[in-house]
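Scroll down for the structure; my scribbles are underneath it.
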Amino acid sequence: MKKIIGLSTGRKNGNCEILLKEAAKGAAELGVETEIIRAMDLRVLPCKGCFACHFTQKCVLDDDVDWILKKTCVEDTGLIVASPCYHLRANAYLMAIAERLNHIFMKEGGDCSIFKKTRVGGIISVGNSDKDWTTLNLLTINLFVQHTRFLVDQMEANFAMEKGAVLRLDKSMQRARLLGRNVASAMMKPIDEVKFVGEDSPIYCPSCHCNVLFVPANLPHVTCPVCWVHGEIVVNNGQWQIVWNKDDVINNRFSPYGEKLHLDFAEKRFEEDRQFLKTDKAKKLLQEYSAYGKIIHP
């Protein structure tokens, strides 16, 4: 039986979990089973930056994150991630999990096997704004999902406690069930026939389908800060549009090419830093900065 892993980084029986369970109901309509991981029930520690994973391809931290990563990134399943936004981006549980990916990449992605996007996924973002500013929640959830999954659908849900919130909840539950059906349906197709079926804004990145842009130098040149896809703003019949670089879309940050490029770069920088630390200059600096500063505690 085909299976979807649902990862909720929100509260027990909170909005994330409710919407994730609605997505599970939608997937069940097509005969796809869903297993849900509730991150807040588990032990999740942040990366300590010790670099042990570069030597051993293992993480030295003793918690449940390794198990979460194997279930969500390695197993041959669909994936739906639901994360709340507490302060502009995905909450700390998801970011702590995402920042512990390196050893999985090195162990399972050495031949780019988990980066080939042969599996599909969806995203549920909870806590966006319907004002003139946007959260970075969708972007930061994409940073986790897009490494190993072809994005089929994503949604944002705003549950601000104001007039109309109950109606929005009902609408979001219906949308989440549709998302579950969309992910389950995509699992039954050859991967080269799978398409993104979520709603797109007038201007969006063709990879993560988000609409937050980075201006690396000067307009009209823009880049998606998540996917490393470059484009140029043009005016067509009085309408602003972005012409995206087709090669970048194919070889984006989360393609096998992009992942290998990043891993090779990181490994090169790590080795350069390791060699520098052996020099007298580095030893002198380390001694100087170890002795400087007033470190305080509660």
From the helices alone, meaning DSSP H stretches of at least four residues, give me the mean residue ellipticity at 222 nm for the chain, per-run term -39500 (n - 2.57), in deg cm²/dmol to the nearest 500. -11000 deg cm²/dmol
Rounded tilt (10° steps) of 165-187 against the dominant C-alpha axis of the chain: 80 degrees
Cα-based Rg and Dmax for the chain, where Dmax is the largest Cα-Cα distance (Å): 20.9, 66
For the chain, take the longest principal axis of its alpha carbons; what is the angle in degrees between that and the long axis of helix 15-28, to the nearest 10 within 0 to 90? 60 degrees
Dipole check, the chain, charges on Cβ (K,R +1; D,E -1), about Cα centroid: among Ala24, Pro225, Val183 the Cα furthest to the positive pole belongs to Ala24
Pop out the ³J(HN,Hα) list for the stretch 36-45 in order, Karplus 6.51 cos²θ - 1.76 cosθ + 1.60 with θ = phi - 60°, rounded to Hz; leave Gly and Pro as x. 10, 9, 9, 4, 5, 7, 10, 8, 10, 10
The alpha-carbon center of the stretch 10-31 and that of the stretch 211-274 are separated, in whole Å, by 33 Å
Vicinal HN-Hα couplings computed from phi for the stretch 92-102 (Karplus, 6.51 cos²θ - 1.76 cosθ + 1.60; Hz; Gly/Pro x): 5, 4, 5, 5, 5, 5, 5, 6, 9, 7, 3
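How high is the FRET efficiency between Asp247 and Asp41 when r is their beta carbon distance and R₀ equals 35 Å, given to the nearest 0.05?
Details: r = 43 Å, r/R0 = 1.24.
Efficiency computed from Cβ-Cβ geometry: 0.20.
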Using the crude model of +1 on Lys and Arg Cβ and -1 on Asp and Glu Cβ, and no other charge, please compute the dipole size for the chain relative to its Cα centre, in debye to 20. 480 debye
To the nearest 10 degrees, how steeply does helix 256-276 sit against the main Cα axis of the chain, on a 0 to 90 scale? 20 degrees
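Bear in mind that the values in this text are calculations on the coordinates, not laboratory data. Predicted, not measured: the structure shown is a model, and the values here were computed from it. Cβ coordinates were reconstructed from backbone atoms using ideal geometry, including for glycine residues, and neighbour counts include every protein chain displayed.
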